[in-house]
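Below is one structure, written out as structure tokens; comments come after it.
The values are calculated or read from the model by the stated rules, or taken from the named source; none is laboratory data. All of these numbers come straight from a predicted model, not from anything done at the bench. Methodologically, a virtual Cβ is constructed for each residue, glycine included, from the backbone with ideal geometry; neighbour enumeration extends over all protein chains shown.
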Amino acid sequence: MRITIFACGYVGLVTGACLADVGHDVMCVDVDKDKVSRLKAGEIPIFEPGLERLVSDNQAAGRLSFTTDAAEAVKFGLLQFIAVGTPSDEDGSADLKHVLKVAETIGQHMDDYKIIVDKSTVPVGTAAKVERAVAIELEKRGLDLEFDVCSNPEFLKEGAAIEDFSRGSRIIVGTESERVREAMRECYGPYNRQRDKMMFMGVRSAELTKYAANALLATKISFINEVANLAEHLGAEVEEVRHGIGSDPRIGYSFIYPGCGYGGSCFPKDVRALANTAEEVGHPAHIIEAVEQVNFRQKNKLFEKLYQAFDGQLAGKTIAVWGLAFKPNTDDMREAPSRALMEALWDAGARVQAFDPEANNECRRIYGERDDLVLAEQREDTLEGAHALVICTEWKAFRTVDFSLLRKTLLEPVVVDGRNLFHPESVKAAGLAYYAIGRGD
Ligand code: UGA
């Protein structure tokens, strides 16, 4: 099957590479010339385990190609995936300008039947807007060509995207058309062998499913964080509570890990966009708004704990930070809790010595060279001359620590753990003060 993918970003690249890997002919198109020439040379602009090999193997096999030529790309595929970004507008709603631009481009160049697949996370009603945008362009050209627009949201987690694409729990397609259903079955057939994961539904339901899924996951996180904060006031231990509630299969253990807040390019943006949509239709979504407020507060927790540990005397202090990415196995720092922490520390006059196994370069790109930021090559290097250690991301490599050595190295015995990685007793036994999330201090 011939497939065109608009944009070689995170979702576009993973989708393109995975579909090519099962034998489809895939052409990925992007406006960024530099990105396309790097991809042609086998260079991957993002860090995603397994993606580099998948891209180079399929390119070598001639099933995956990259271009900046939109006209060629539109002519190429029966399926035209739109996988461009939908950043938050100033008011929090999803900005559709890239999506609609692609729709226009398709309308300007198509010369036979196309199925346009909305893969980007877009608000309910976007498929109808895409349809209008294509129709307007066709009308300008005086053409009456048939096309369909369907919604096919993605459920990929950064760091596990290829696994999620190949073995995800569902493949959602919003469409009323039998022709689209058939084509999408063929497209995803190789990933749909063991059991039928295809779920067909109305276009608007598919669009809402994506937001509802992310908002519910974000709700679980904000909920457990709220419980963690309560536990601190009530003298309870949130990790025990988590164990207790997770054992009920109706609740389950996943996504109830307390921490320093959720980040990334999806939850914060999608929660805001859904709250915004709700507002627009005159039905404010109170729970969803609260999820965002709780998360905003939670991202400030690490700074609050440091502030408390140092009685507000943070000016001139040096703080070691382990983990900059918003979660392990990615170099992505979008809306990462580490950023809220570092920015608050700088405002308070403190210095940061940070280490992340993958995100050091991204941090350098975001903040540039500054006197109050040192990026270390190894986690131990952050501890030299540091008054305290803060853990923002639960990279596996941070789980084992020699606490007595840590006690000897730190200028003050302060450990703030934003991911509850350690047993409080073992940290405290080394003479360190341990500030974690929802576990008492
Ligand atoms: C999320 C969803 O999990 C995917 O299903 C979805 O497809 C994707 O958004 C998207 O919309 O594209 P992702 O943003 O990659 O994926 O990251 P997650 O693994 O879901 O983690 C999000 C944040 O929640 C991280 O900051 C993580 O540290 C935090 N988190 C997660 C917690 O604080 N506690 C938990 O129990 C789980």
### Scope the stretch 21-49; condition more than 26 Å from ARG365 (Cα to Cα) and either touching a residue at least 60 places away in the same chain (Cβ under 8 Å) or in a loop (DSSP other than H, G, I, E, B) (or both); matching residues
VAL22, GLY23, HIS24
### Summary
Residue set GLN313, GLN293; condition surrounded by fewer than 15 Cβ atoms within 10 Å (Cβ to Cβ), away from the ligand (no atom under 13 Å from the Cβ), in the same structural domain as LEU341 (by TED's automatic domain parsing) and modelled with pLDDT of 95 or more; output residue GLN313
### Query
Cβ-Cβ below 6 Å, separation at least six or inter-chain, first residue in the stretch 247-270 and more than 6 Å from the ligand (Cβ to nearest atom), second among the hydrophobic types (A, V, I, L, M, F, W, C): which pairs?
ILE251/ILE245; PRO258/ILE224; PRO258/ALA228; PRO258/VAL238; PRO258/ILE437; CYS260/LEU302
### Query
Looking at (1) in a loop (DSSP other than H, G, I, E, B); (2) within 24 Å of GLU358 (Cα to Cα), which is the only condition CYS18 fails?
(1)
### Query
Among the residues of the stretch 138-154, is there at least one that is free of Cβ contacts under 8 Å to residues at least 40 places away in the same chain, within 15 Å of the ligand (Cβ to nearest atom) and either assigned to a strand (DSSP E or B) or hydrophobic (A, V, I, L, M, F, W, C) (or both)?
no
### Task
For LYS129, state whether it is surrounded by fewer than 24 Cβ atoms within 10 Å (Cβ to Cβ) and at pLDDT below 95.
no
### Message
Suppose we keep only residues that are surrounded by 13 or more Cβ atoms within 10 Å (Cβ to Cβ) and among the charged types (D, E, K, R) within the stretch 385-409. Which one would you say is farthest from GLU304 (Cα to Cα)?
### Response
ARG407
### Task
Kindly establish whether LEU217 is surrounded by 14 or more Cβ atoms within 10 Å (Cβ to Cβ), within 14 Å of the ligand (Cβ to nearest atom), within 16 Å of the chain's Cα centre (by Cα) and not hydroxyl-bearing (Ser, Thr, Tyr).
yes
### Query
Looking only at the stretch 353-404, which residues are among the β-branched types (Val, Ile, Thr) and either touching a His at 6+ places or on another chain (Cβ under 9 Å) or closer than 16 Å to ARG419 by Cβ (or both)?
VAL390, ILE391, THR393, THR400, VAL401
### Query
Inside the stretch 334-441, counting only strands (runs of 3 or more DSSP E) that do not spill past its ends, which hold 2 or more residues that are without any contact (Cβ under 8 Å) to a residue 40 or more places away in the chain, under 26 Å from ILE46 (Cβ atoms) and outside the structural domain of SER265 (by TED's automatic domain parsing)?
351-355, 373-375
